[in-house]
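Only one structure is covered here, and it is reproduced in the block below.
The values are calculated or read from the model by the stated rules, or taken from the named source; none is laboratory data. Every value quoted in this text rests on a predicted model; they were computed, and no experiment measured them. Cβ coordinates were reconstructed from backbone atoms using ideal geometry, including for glycine residues, and neighbour counts include every protein chain displayed. Just so you know, the surface numbers come from the protein's heavy atoms only, side chains and all, with ligands and any DNA or RNA stripped out. Shrake-Rupley method; radii C 1.70, N 1.55, O 1.52, S 1.80 Å.
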Amino acid sequence: MYAIIGAFAALENVFPPAPADVAIALGAFLAGRGTLDPWIVFAVTWVGNVGSASLVYAVGRRYGRAFFTGRIGRRLLSESTLAHIEEAYAKHGTWGIFVSRLLPVWRAVVPPFAGVARVPAARAILSMAVASALYYGTLTFLVATLGTNFDLVTRVLARANLVLGVVAVVLILLFVRWSYRRLKQ
């Protein structure tokens with residue numbers, strides 16, 4: 001079970017629709033019931049998530065710029081949008097990475113673009129690691145503590161993910177609007 005939890009935590013950075021939160025919540029729930037150890041649930045989650053985020057960061061740093069300046073990549077992101085992303089990382093840096101890693105929609109987008117933007121590895125990975133520890137540590141603690149009432153836990157998680165998802169969508173829309181206005185100038 002620990003391997004499955006760690007795999008889902010890692011898969012989230014490669015394939016964002018992976019239900020990592022659900023797998024981790026289930027592991028924490030089982031820890032709350034005494035079946036698993038909550039510290040090990042947290043550890044495999046954190047190691048898997050930070051490890052795969054670091055790998056995706058490295059791939060973005062090594063190949064991302066060339067991809068987005070190539071024929072297909074230019075269709076996905078214009079040069080000005082790519083420049084804006086780099087400016088945003090330069091301006092907000094460590095705090096931007098940290099906060100973005102706490103939001104469900106942005107969580108998987110941060111590592112590759114931090115690599116593309118050439119954020120120094122130590123700053124990027126440290127920010128991702130601390131945010132991951134905070135997010136998954138809180139999730140594991142809350143679910144393990146509330147582990148005797150799975151219905152309550154799923155309602156709380158659904159509400160939290162909904163709120164964070166709405167915040168992320170609003171931020172995306174604001175970013176798209178801002179990018180569109182900059183392109184028109």
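Some points to look at:
- Pairwise FRET efficiency - VAL99 versus ARG71, Cβ, R0 = 35 Å, nearest 0.05: 0.55
- Membrane-span-like helices in the chain, defined purely by DSSP H runs whose alpha carbon atoms cover 27 Å or more axially and whose average Kyte-Doolittle hydropathy reaches -0.5, are 38-59, 121-145, 150-184.
- Packing here is the average count of other Cβ atoms within 10 Å per residue, and on that basis the peptides 159-168, 119-128, highest first, run 119-128, 159-168.
- Solvent-accessible area assigned to carbon and sulfur over the stretch 1-118 amounts to 70 percent, based on a 1.4 Å probe.
- When only Cα pairs below 8 angstrom with a gap of at least 6 residues are kept, the chain shows a relative contact order of 28 percent.
- Note that the chain presents 56 Å² accessible area per residue, ligands and nucleic acids not counted, probe 1.4 Å.
- Using the average count of surrounding beta-carbon atoms within 10 Å as a protection proxy, the listed peptides 96-107, 23-34 rank, highest first, as 23-34, 96-107.
- Think of it as helices only: each DSSP H run of n ≥ 4 in the chain is worth -39500 (n - 2.57), and spread over all residues that comes to -27000 deg cm²/dmol at 222 nm.
- Where labels lie 7 Å past Cα in the beta-carbon direction, separation of THR145 and ALA90 in nm: 4.3 nm
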